[in-house]
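This report refers to the structure that appears directly beneath it.
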Amino acid sequence: MPKRPISFRINGRDHTTEIEDQVLLLDLVRDIGLVGAKLSCDMQVCGACTVLLDGRPVSACTTLALEADRRTVETIEGLADGSTLHPLQQAFVDNFAFQCGYCTPGMIVAAKALLDERPRPDAAQVRHWMEGNICRSPRASRSTSRCRGWRTRSWCDPRTRTHASSGSSATRQNAARGC
Ligand code: FES
């Protein structure tokens, strides 16, 4: 199968490669070592594979890599600033807004897109936006409140913050980073 050259900007860095037409965006980003986006349903239902394409969330499991040509891709790995988590990642960690962590990278990336577009969404708007990101954890409702809390800062108040009852901080930080 012939390959085509594509160039795109991913997590702030230019990247050029050659790919076959049928390669999916999820395989492309994972092949270059960005494994935070996960394959789960493989049919654009669960959102575990969510990445941002020109700032908009897409299911990388059903998006051709060719669509990234001359565009900007952002994955969960692009959110943190060195060892400092993005505030949204930190909010998920601080409030234990996940359980196994498998869906967390997709959730955080999708939530970032929402907050970039609508900085102060209400709960209904968050729920509507996040419908494409499925979590089977009973803590899913916390994810909704954390998306809002990061902007309203209500979660920053240590008097009102809820703490995780289990799981180490390092484990939670890894999940928020997509590890
Ligand atoms: S793995 Fe892509 S939407 Fe579920």
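What to note about this one:
- Residue match in the range 102-114 (condition: over 14 Å from the mean Cα position of the chain (by Cα) and either more than 23 Å from ARG13 (Cβ to Cβ) or not assigned by TED's automatic domain parsing to the domain that holds HIS128 (or both)): no
- Boolean, GLU18 is among the acidic types (Asp, Glu) and assigned to a strand (DSSP E or B): yes
- Yes/no for TRP129 being part of a helix (DSSP H, G or I), buried (at least 18 other Cβ atoms within 10 Å of the Cβ) and at pLDDT below 60: no
Matching residues to (1) of a type in the set (A, V, I, L, M, F, W, C); (2) in contact (Cβ under 8 Å) with a residue 60 or more places away in the chain:
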site	(1), (2)
ASN11	no, yes
ASP21	no, no
LEU28	yes, no
ASP54	no, no
ALA68	yes, yes
GLN90	no, yes
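- Residue check for CYS135: buried (at least 16 other Cβ atoms within 10 Å of the Cβ) and assigned to a loop (DSSP other than H, G, I, E, B): yes
- Identity of the residue in the range 44-62, of a type in the set (S, T, N, Q) and closer than 19 Å to GLU77 by Cα, that ends up surrounded by the fewest Cβ atoms within 10 Å (Cβ to Cβ): SER59
- Checking GLY36 against (1) in contact with a Pro (Cβ under 7 Å, 6 or more places away or on another chain); (2) outside any loop (DSSP other than H, G, I, E, B), the condition it does not meet: (2)
- Scanning the range 38-78 for residues that are among the acidic types (Asp, Glu) and either within 18 Å of GLU117 (Cα to Cα) or near the ligand (Cβ under 10 Å from one of its atoms) (or both) yields a count of 3.
- Unique match (being more than 20 Å from ILE134 (Cα to Cα), among the polar types (S, T, N, Q) and in contact with a Pro (Cβ under 7 Å, 6 or more places away or on another chain)) among THR72, THR16: THR16
- The single condition among (1) in a helix (DSSP H, G or I); (2) more than 16 Å from the ligand (Cβ to nearest atom); (3) farther than 14 Å from ASN174 by Cα that GLN90 does not satisfy is (3).
- In the range 13-43, residue surrounded by the fewest Cβ atoms within 10 Å (Cβ to Cβ) [restricted to those that are touching a helix residue (DSSP H, G or I) at 6+ places or on another chain (Cβ under 8 Å) and within 22 Å of PRO2 (Cβ to Cβ)]: ASP21
The values are calculated or read from the model by the stated rules, or taken from the named source; none is laboratory data. Bear in mind that the values here come from a model prediction, so they are computed numbers and not experimental data. No Cβ is skipped: glycine too gets one built from the backbone with ideal geometry, and neighbour counts run over all protein chains shown.
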